[in-house]
2 protein chains.
Amino acid sequence: MCMNALEYLRRVADALGRLPGIGRRSADRMAYRLVSDRAQMRTLITVLQDADANVRFCVQCGNITTADADLCRLCVDPARDTSILCVVEDPGDILLVENAGVFRGRYHALMGRISPMHGTGPDDLRIAALIARVTSGGIREIVLALNTNVESDATAGYIAEMLRPLKVTVTRLASGIPTGSGISYSDPVTLGRALQGRQAV
Amino acid sequence: MCMNALEYLRRVADALGRLPGIGRRSADRMAYRLVSDRAQMRTLITVLQDADANVRFCVQCGNITTADADLCRLCVDPARDTSILCVVEDPGDILLVENAGVFRGRYHALMGRISPMHGTGPDDLRIAALIARVTSGGIREIVLALNTNVESDATAGYIAEMLRPLKVTVTRLASGIPTGSGISYSDPVTLGRALQGRQAV
């Protein structure tokens, strides 16, 4: 097969353009930069190969872990509270919750959210694994730390429904004005939720 | 060396975050997507390796070309006008100008612009190669198709100065209101330049 140079470049741009949040023009610029700077391109190839060979997902919570470990460091940490489980959409969200520094329980990553538009149903997510963890006992609270959009809200509702027979407390993150912001920067929905969730001072 | 899974992920995000227009959060999301979807990761690795092996730059104009060709398809095309040269910052800009469909001359990619902030001086660009092409004769006009910002303007000014003794016409792209836009969407500098460059109807 004989491809011209532009075709090779287009394939790189196409692969980058399928990543989240990367538009066509952005992918083109990245592709050009990579062929223009071979040191940068080879570094990227190497780190991708290393991650591919060494990163896998925790069989219990879905967090990332090294290839030689079935369970991630959070799932084997005896200091963590096993009775409370924080449910997130993506493994990357686990680090964000950890960085907040207030949660000491364990996690469960769904690996996405229910999205009819993208063809993602409940069976494509780790919801059955969540039910199994709760059914096996010892868990008293499930904190839903999902995003705030229509699909995530529907996912939260679905999970709450599935957990109802299991007599476990289901909570979700408070919705309100972000710290360091003000009501003049908040959209009406955020402001409405902040009002509904108002707290005594 | 023993690295944990997060470290592998961080290295991928770091490599992606050095690409143009990719911020920290965007790089993190891309890295997570890649470790979550290994087919996508392996496709990216393969296309990068293919591009690395098969793409090089035209020794004359700097355009991308295949590894087996010294000159790109535009430099060997006998139908192109050799007396007019379009100077661009990046090889990627050549395709943008080509797509406009009105330029039938040849190109010269500088491989960047003069940027004291990023430590890029005239000697880091293909300016000497441009002077050599003009000196060798047969070129009557140089069209500077650079971007419109302080650094690009300075680069254009520097090149025009270097070309002055060579008795070649130096032009630059018209500055004005983009097609399909209106004056209410234009910033004052764009509007000012459009006024200065006003044309008889």
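Annotations for the structure displayed:
- Considering residues of region A:25-56 that are small (Gly, Ala, Ser) and surrounded by 20 or more Cβ atoms within 10 Å (Cβ to Cβ) only, the residue nearest to the other protein chains (Cβ to nearest Cβ): A:Ala51
- The set of residues in region B:57-75 being surrounded by 16 or more Cβ atoms within 10 Å (Cβ to Cβ) and in a loop (DSSP other than H, G, I, E, B) consists of B:Cys58, B:Gln60, B:Cys61, B:Gly62, B:Asn63, B:Cys72.
- Set A:Thr148, A:Thr155, A:Thr135: member being over 22 Å from B:Leu6 (Cβ atoms), under 14 Å from the mean Cα position of the chain (by Cα) and exposed (fewer than 15 other Cβ atoms within 10 Å of the Cβ): A:Thr148
- Selection within region B:1-24 - buried (at least 17 other Cβ atoms within 10 Å of the Cβ) and of a type in the set (S, T, N, Q): none
- Residue within region A:71-86 that is more than 10 Å from chain B (Cβ to nearest Cβ), farther than 23 Å from A:Asp124 by Cβ, touching a helix residue (DSSP H, G or I) at 6+ places or on another chain (Cβ under 8 Å) and not aromatic (Phe, Trp, Tyr) present: yes
- Considering residues of region B:1-47 that are outside any helix (DSSP H, G or I) and charged (D, E, K, R) only, the residue farthest from the chain's Cα centre (by Cα): B:Asp37
- Reported count of residues in region B:108-131, each being under 24 Å from A:Ala13 (Cα atoms) and either within 14 Å of another protein chain (Cβ to nearest Cβ) or out of contact with any Cys (no Cβ under 8 Å at 6 or more places or on another chain) (or both), is 5.
- The listed residue being in a helix (DSSP H, G or I), more than 30 Å from A:Arg56 (Cβ to Cβ) and of a type in the set (Asp, Glu), out of A:Asp153, A:Asp123, A:Asp93: A:Asp153
- Total residues in region A:167-187, condition out of contact with any helix residue (DSSP H, G or I) (no Cβ under 8 Å at 6 or more places or on another chain) and assigned to a helix (DSSP H, G or I): 2
- Sole exception among (1) farther than 23 Å from A:Val102 by Cα; (2) free of Cβ contacts under 8 Å to residues at least 40 places away in the same chain for A:Arg126, by number: (2)
- Against the conditions (1) modelled with pLDDT of 95 or more; (2) part of a helix (DSSP H, G or I), A:Arg80 satisfies every one except (2).
- One residue alone among B:Arg193, B:Arg113, B:Arg164 is assigned to a helix (DSSP H, G or I), surrounded by 15 or more Cβ atoms within 10 Å (Cβ to Cβ) and charged (D, E, K, R), and that residue is B:Arg193.
The values are calculated or read from the model by the stated rules, or taken from the named source; none is laboratory data. Being a predicted model, the structure only gives us computed values, none of them experimental. Methodologically, a virtual Cβ is constructed for each residue, glycine included, from the backbone with ideal geometry; neighbour enumeration extends over all protein chains shown.
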